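Comments concern the structure below.
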Ligand code: DLL
């Protein structure tokens, strides 16, 4: 397929034609769609949504829009149940991903002078290799550290004078703790944190303690991997390259397209994918699109920091809360470390939430009780919900090396 980046309508039509031609599953899904009907981007609404279940139902590669021999790489995201979702790339796809990712890093202020330590996991997860190739494309020096082995991370960081750390924000917090604990001398300037929801509070914590600019990067395997959206140093929304990705916001309950500026579920259509194009892919991620001019001068679309996934939203006695909102509330309480877990139990069909968080210092019994009270009333004031609170000693919550598991179901 030839990709015409400067005419998105043409590219969209081509995408539909090649998907229908190559895959029986796409052909069935798009049976009522004739590409000629797509006359403007407004006609995007006429196309059906694609969801994770479409990939799962056509496991492993039923949605492939190119001959299988054209593939040069696969990645996969682990599902909560059963088989993973497999995503695939042609050489052209990898080339475009590298340049989109390189451009995203440049948007964040990374240059060819930088030493980028990639502490996202390498392997089936797209994080490691995605950031790796983007940084190389930019001409930066890459340290392919992968996730975990924290002592080795710190050694490499110190000895090779890493200037850019790329990892999940929760692992960034873990590394920040260790850097302080072991008094590591480092040269970090920029953090590229993503792959999980995080808060302004955690950004400030990482920036203050590491002396860096901490930036948010967004992406998902089904669309490509990291680099779909990335903040610049003005930190007011994540820039999206609309010549590659068409964005919509829908009501997650009804699927209705919402007016620009509304908060809702992000839907992405790819204009840059040969192997696995995605048409109106429902990301489940809750955000907003803005187009006002950014402080950096860019005028294109930006998305807000992702609030959470529609399927991670907790409904506690009728009040909707995302784990990231709890993190925001916790970040306002001095004396807590931002390592936390949310325990959800169900009693008589009602969900109960217990927020388990660590104090930054060891507390006496009396101090602990006061902290429980303070945290509980702060959460009630900020979120309008009563929750249980447990304050745990420093170091007692399991540290994440990749995506943190924040919500635990308990009996
Ligand atoms: O997490 C790709 C990635 C790697 C993004 C490294 C950024 C950095 P998946 O494993 O397929 O891909 O998970 C995608 O993670 O739908 C969101 O729910 C969540 N997510 C990704 N980035 C962010 C972010 C990678 N910056 C899913 N903020 C997405 C909040 C994020 N959530």
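The values are calculated or read from the model by the stated rules, or taken from the named source; none is laboratory data. Computed from a prediction, not measured in an experiment: that's the story for all the values here. Ideal geometry is used to build each Cβ from the backbone, glycine not excepted, and the neighbour counts take in all protein chains shown.
The table below lists the values:
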| read-out | value |
| --- | --- |
| Subset of the range 23-42 (residues that are in contact (Cβ under 8 Å) with a residue 24 or more places away in the chain and within 30 Å of the chain's Cα centre (by Cα)) | 23, 25, 26, 29, 30, 40, 41 |
| Matching residues in the range 240-274 - criterion: being surrounded by fewer than 20 Cβ atoms within 10 Å (Cβ to Cβ), in contact (Cβ under 8 Å) with a residue 12 or more places away in the chain, over 19 Å from the mean Cα position of the chain (by Cα) and over 21 Å from residue 298 (Cβ atoms) | 251, 255, 257, 262 |
| Output for the range 62-77, where each listed residue is modelled with pLDDT under 95 and exposed (fewer than 13 other Cβ atoms within 10 Å of the Cβ) | none |
| Flag if residue 240 is more than 9 Å from the ligand (Cβ to nearest atom) and more than 21 Å from residue 339 (Cα to Cα) | yes |
| Residue check for residue 248: in contact with a strand residue (DSSP E or B) (Cβ under 6 Å, 6 or more places away or on another chain), within 16 Å of the ligand (Cβ to nearest atom) and within 30 Å of residue 67 (Cα to Cα) | yes |
| Selection from the range 195-222 of residues that are without any contact (Cβ under 8 Å) to a residue 60 or more places away in the chain and within 14 Å of the ligand (Cβ to nearest atom) | 203, 206, 214 |
| Yes/no for residue 150 being within 17 Å of residue 206 (Cβ to Cβ), touching a helix residue (DSSP H, G or I) at 6+ places or on another chain (Cβ under 8 Å) and in contact (Cβ under 8 Å) with a residue 12 or more places away in the chain | yes |
| Close pairs from the range 90-104: first modelled with pLDDT of 95 or more, partner surrounded by fewer than 18 Cβ atoms within 10 Å (Cβ to Cβ) and part of a helix (DSSP H, G or I), Cβ under 6 Å, at least 6 apart | 90/70 |
| Hits in the range 347-361 (condition: surrounded by fewer than 16 Cβ atoms within 10 Å (Cβ to Cβ) and in contact with a strand residue (DSSP E or B) (Cβ under 6 Å, 6 or more places away or on another chain)) | 351, 354, 360 |
| Residues satisfying the stated conditions in the range 219-232, i.e. surrounded by fewer than 24 Cβ atoms within 10 Å (Cβ to Cβ) and within 9 Å of the chain's Cα centre (by Cα) | 220 |
| Test: residue 12 is crowded, with 20+ Cβ neighbours inside 10 Å and over 19 Å from the mean Cα position of the chain (by Cα) | yes |
| Qualifying residues in the range 334-346 (those that are touching a helix residue (DSSP H, G or I) at 6+ places or on another chain (Cβ under 9 Å) and closer than 19 Å to residue 176 by Cα) - the one surrounded by the fewest Cβ atoms within 10 Å (Cβ to Cβ) | 335 |
| Entirely in the range 224-287, the strands (runs of 3 or more DSSP E) that have 3 or more residues that are in contact with a helix residue (DSSP H, G or I) (Cβ under 8 Å, 6 or more places away or on another chain) | 225-231, 263-270 |
| All strands (runs of 3 or more DSSP E) inside the range 70-158 with 2 or more residues being within 14 Å of the ligand (Cβ to nearest atom) | 71-77, 85-90, 115-118 |
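One line per residue, one yes/no per condition, for (1) assigned to a helix (DSSP H, G or I); (2) under 26 Å from residue 84 (Cα atoms):
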position	(1), (2)
18	yes, yes
21	yes, yes
27	yes, yes
31	no, no
36	yes, no
42	yes, no
45	yes, no
53	yes, yes
56	yes, yes
